[in-house]
1. Restricting to the stretch 65-82, what's the tally of residues that are at pLDDT 85 or above and either farther than 15 Å from residue 35 by Cα or outside any helix (DSSP H, G or I) (or both)?
2. Please state which of the following conditions residue 51 fails to meet, knowing it meets all the rest: (1) among the hydroxyl-bearing types (Ser, Thr, Tyr); (2) over 11 Å from the mean Cα position of the chain (by Cα); (3) part of a helix (DSSP H, G or I).
3. Pull out all pairs, ordered by first then second residue, where Cβ-Cβ is under 8 Å, the residues are six or more apart or on different chains, the first lies in the stretch 28-44 and is farther than 21 Å from residue 81 by Cα, and the second is part of a helix (DSSP H, G or I) and among the aliphatic types (A, V, I, L, M).
4. Counting only residues that are surrounded by 15 or more Cβ atoms within 10 Å (Cβ to Cβ) and of a type in the set (Val, Ile, Thr), how many does the stretch 43-65 have?
5. Every residue in the stretch 17-27 that is more than 17 Å from residue 74 (Cα to Cα), without any contact (Cβ under 8 Å) to a residue 12 or more places away in the chain, among the charged types (D, E, K, R) and loosely packed, with under 10 Cβ neighbours inside 10 Å, please.
6. When the residues of the stretch 1-27 are narrowed to those that are in a helix (DSSP H, G or I) and among the polar types (S, T, N, Q), which ends up nearest to residue 85 (Cα to Cα)?
7. Checking residue 95 against (1) modelled with pLDDT of 85 or more; (2) surrounded by 15 or more Cβ atoms within 10 Å (Cβ to Cβ); (3) aliphatic (A, V, I, L, M), which test does it fail?
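The values are calculated or read from the model by the stated rules, or taken from the named source; none is laboratory data. Please read these numbers as outputs of a predicted model, since none were measured by experiment. Virtual Cβ from ideal backbone geometry, glycine too; neighbours counted across all protein chains shown.
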Amino acid sequence: MNLDKYPKTKKLIKDVNLEDQVDRIKWLQLSKEEAAVSLAKTYLVALLSIYCNPFSQKKAASLADQLYFSVGYKLHGFAKAQGNAELNYDSDDLARLYKHISFSGIKYRQQPLK
């Protein structure tokens, strides 16, 4: 697999010395059909989020959270890191986006824990 198009993933793989294992990594734990359905749901949620109706926007936010977890848990960590890098998201951005959700009993915070 050529990782030249995925610089963040390439760097992470090099950092953990897995260059010789790249072809064995399972990047996505979804079938093509499941991936297509998730992509369609994401598109519909994006459309719902642009409506002026506050109910629609609130529903879209809730559905976006569900998609983040249902798809996110089925992506390899390197693939998630690459996607976030392509969106120019760092951990602070993710903390702001998902501060309302609890991860392992700890809510994301805007300020780092001291």
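1. Summing the residues that are at pLDDT 85 or above and either farther than 15 Å from residue 35 by Cα or outside any helix (DSSP H, G or I) (or both) in the stretch 65-82 gives 8.
2. (3) is the only condition that residue 51 fails.
3. 41/63; 41/67
4. 1
5. Scanning the stretch 17-27 gives a single hit, 20.
6. Checked the stretch 1-27; the qualifying residue nearest to residue 85 (Cα to Cα) is 9.
7. For residue 95, the exception is condition (1).
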